[in-house]
Each structure stands twice: as structure tokens, then as C-alpha cells.
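The values are calculated or read from the model by the stated rules, or taken from the named source; none is laboratory data. For clarity, every value in this text was computed on a predicted model and none was experimentally measured. In this analysis, Cβ positions are derived from the backbone assuming ideal geometry, glycine residues included, and neighbour counts consider all displayed protein chains. Protein only, heavy atoms only, side chains kept; ligands, DNA and RNA dropped before computing areas. Shrake-Rupley method; radii C 1.70, N 1.55, O 1.52, S 1.80 Å.
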Amino acid sequence: MLWKIRTELADRPGALAELAARCGADDINILSLEVFTAETGAVDELVVSTGVGWTADDLTALAAEAGCVRTTVRPCQADVLSDAPTRYLRAVLRLIDDPVSVDDELGNLQGFDEYTPAEWARADVLVEIAGRLAERFETPAGPRPGAGVPDLRPATVEDADAVVAMHDRCSYESRTRRYHVPMPKLTARTARHLSAPAGGVSVVACVDDAVIGMATAAPWEEMGSTTMEIAVLVEDGWQGQGLGLRLLRQVVGEARALGADRVVCMVQPENHAMLRTLERLRMRSRVIRDGDSLMVSVALSDRSLSHAVDRPPVQYRQTRATPSHRSEPPRSAGQPAREHALAALSALQPISDRAGAADRDGADRGGRP
């Protein structure tokens, strides 16, 4: 049987030889080896062949006996024995026919949930290739304002194709503000995940069978079990019609119904439209600086008002539900998030049950659960 093993070797000369000797003693044949450099040291990925009866737990224990740590073991097929460049080139060939399958290709190529820096770089290039290929396909026009009255309803996985189509119709700027990184193409798998996030909810705005806007609320466990992250994307032609505010209000209500007592939205400082939309919720909120973004924390209950605004360092883009292949340096331990003083724009001030007439919400494009 073939197994793929990813493990961190002890940082000393001869560590790999010790692991190889331990495998040899148990008649385990090492068929391939790839070494990655990571912040914590060397990460080795091996493909081994074992006899009948070996399990993933057995191989994990064997690696531990050889001084290895953080070991992950998975069964695999013979195709992993091709060298890495060949496997990636074959993936590119498949993307030429189906660029939206990039998520599936990455899952097959990487095989493990956590990427090393080298794998992040490879994934970046593959996503860029898929995006450029996808842009060659003609994107059909969607409904325009006046074509109908948008209907808001909870999303399901059956909406994934329509969500992909809406994403294709959105501008580069809208997509970047929604995801905080360039997102040239939304894959079907990611669209299904966004349409029905685990433990969360999404709301879509539809005109006939077309989705023209979407708001998502997904749990952010690092912030506490009752905190959800929210985000909104509205198709460019429908921005400035108040649709983003309607989506935001409904998804916040759905999050509260699921037990959330606080929602958080990560917004780029220059995304004034989304910040104004959040202000028009007329709910108690606070705005703090978090790296290059603003964290808008909205209280859904009196209990959540007492929650500390600061949080432990979180590698945001590597832990949230929306795929991204770039890491962002976390805040150093003990370094507090700073309250953001924004005298030039009232929407960026901490809000405390403000009331007033709401005007047009502009382009609602922020956050990225």
C-alpha cells in the first residue's frame, strides 16, 4: 500500500538517515522524497510502500520514534510518484479545458491542508493561470437595474453556478475589495462553500434566476464561539441601489438567529462605501485597525458589548473560509489592536445606536468569510 507522509525532522545532521533506517528496519520502502523549507525548519514529504496491515497511526508512531514531529499520513495512489513539475504541468493542461477546477487540482497536487511557503507560491501561480484562462471565456451579461425587483432569500448549494456567474460579471475592483486579494475566478467548489458555509448562512439577492448580490456570515472560531464574520458582494451594475444594506441587514438577522452575539467585518480603509453601509445598520459597533485592514465589530446583544476588542494573533488569510494563497504576517504576541481614529469620515467612528436618514449605500464590497 502507498502512503504519503509529511513530517518535520529534528534539526540535526543525520535526522533523515535515522528516519530512513527506521523505515528500512520495518521493510518500508521510500519511493520518493521532497523537502520543503518552512519557518519552523525542514518539512519532508515522503511516499512510502508498506506491507499489509500498516495504518496511518502506525506510520505516525514510526516517525515519532525517529524523532519527527507534526506528522501527517494519508493513503495515496501511484500517480503521486511523478515528479512535481510533471504533475503541475499536467494540472495546467487540465485547466486549459476547465479553469474553474483549480481548487480540485490544488487539492490533488498538495494533498495536505497546510501549505509550506513553496506550495503557497506554486498555488499562487496555478490560480493566476486559471484566472487568465477563465478570462478568455465570454461572460454573459446579467440583469440590469429596472429588469426586476431583487428578491432576497437564504442561499443553498444549488445557487453555486449562479454565484459563479455573478462573480464573473463583477469588476476586478469589486472582487478585490470583497476578498482583499485578487480573485480572478471563483471555483464551483468555493461557490458551494460560500453558498452554504458550515455553521453559518448566506443570503442571495436574485432577479429571476440570476444572483446579483450575496452576503455571507460564517463562524470565526478564533474570535469566540458566538462570533461570525460577515461580507457582502454586489454586482457592479446594482451598486448604489441600497441592495448591499438590505443584504447586510438580513444576513445579520440570520447570524443572530444562529446564536451569534457579535458579527465582524474586515474592510479595507479605502472602501468607504462598505463602511458607510455598516454604519447604516444603526447598531452598536466599534472600528479598530488590524494590520492593513479595519475590523468593524457589531454587537448583536448587550452581552457582546463587554467583549474585549483585541484578540490573539490570527493568520487571517490562512484560517478563513474563503481560499486565498497568500499569508499575512500576524500581529506580534501582546501587541494590541489600535482603535482607529478616522476624523475625516463619520462612518469610521465607533457607532453607538446612531439614528438618521439612510442614503444610497454605494458599492458594498468588504470582508471575506
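Observations
- First in the range 81-98 and in contact (Cβ under 8 Å) with a residue 40 or more places away in the chain, second anywhere and in a helix (DSSP H, G or I) and open to solvent by less than 40 Å² (accessible area, probe 1.4 Å), Cβ under 9 Å, 6 or more apart: ALA84/LEU109
- If you go through the range 19-60 and pick out every residue that is on the phi > 0 side of the Ramachandran plot, touching a Ser or Thr at 6+ places or on another chain (Cβ under 9 Å) and not acidic (Asp, Glu), you end up with 0.
- The range 150-174: number of residues that are closer than 16 Å to ALA196 by Cβ, open to solvent by 20 Å² or more (accessible area, probe 1.4 Å) and in contact with a strand residue (DSSP E or B) (Cβ under 8 Å, 6 or more places away or on another chain): 3
- Lone unmet requirement of (1) β-branched (Val, Ile, Thr); (2) open to solvent by 30 Å² or more (accessible area, probe 1.4 Å); (3) in contact with a helix residue (DSSP H, G or I) (Cβ under 6 Å, 6 or more places away or on another chain); (4) modelled with pLDDT of 85 or more for VAL47: (2)
- Of all positions in the range 254-267, at least one carries a residue that is open to solvent by 20 Å² or more (accessible area, probe 1.4 Å), touching a residue at least 12 places away in the same chain (Cβ under 8 Å) and not in a helix (DSSP H, G or I).
- Within the range 152-171, being under 23 Å from LEU106 (Cα atoms) and modelled with pLDDT under 90 holds for one residue alone: ASP168.
- Of all the numbered requirements in (1) open to solvent by 40 Å² or more (accessible area, probe 1.4 Å); (2) modelled with pLDDT under 80, ARG132 misses one, and that requirement is (2).
Results for (1) over 19 Å from VAL264 (Cα atoms); (2) without any contact (Cβ under 8 Å) to a residue 60 or more places away in the chain; (3) open to solvent by 10 Å² or more (accessible area, probe 1.4 Å); (4) not in a loop (DSSP other than H, G, I, E, B), shown as yes or no for each residue.
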| residue | (1), (2), (3), (4) |
| --- | --- |
| PRO182 | yes, yes, yes, no |
| GLY199 | no, yes, yes, no |
| VAL203 | no, yes, no, yes |
| ALA215 | no, yes, no, yes |
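- Qualifying residue in the range 135-148 (condition: aliphatic (A, V, I, L, M) and assigned to a loop (DSSP other than H, G, I, E, B)): yes
- Among the numbered conditions (1) of a type in the set (A, V, I, L, M); (2) in a helix (DSSP H, G or I); (3) open to solvent by 50 Å² or more (accessible area, probe 1.4 Å), the only one that VAL52 does not meet is (2).
- Across the range 268-305, the number of residues qualifying as part of a helix (DSSP H, G or I), of a type in the set (A, V, I, L, M, F, W, C) and surrounded by fewer than 21 Cβ atoms within 10 Å (Cβ to Cβ) comes to 1.
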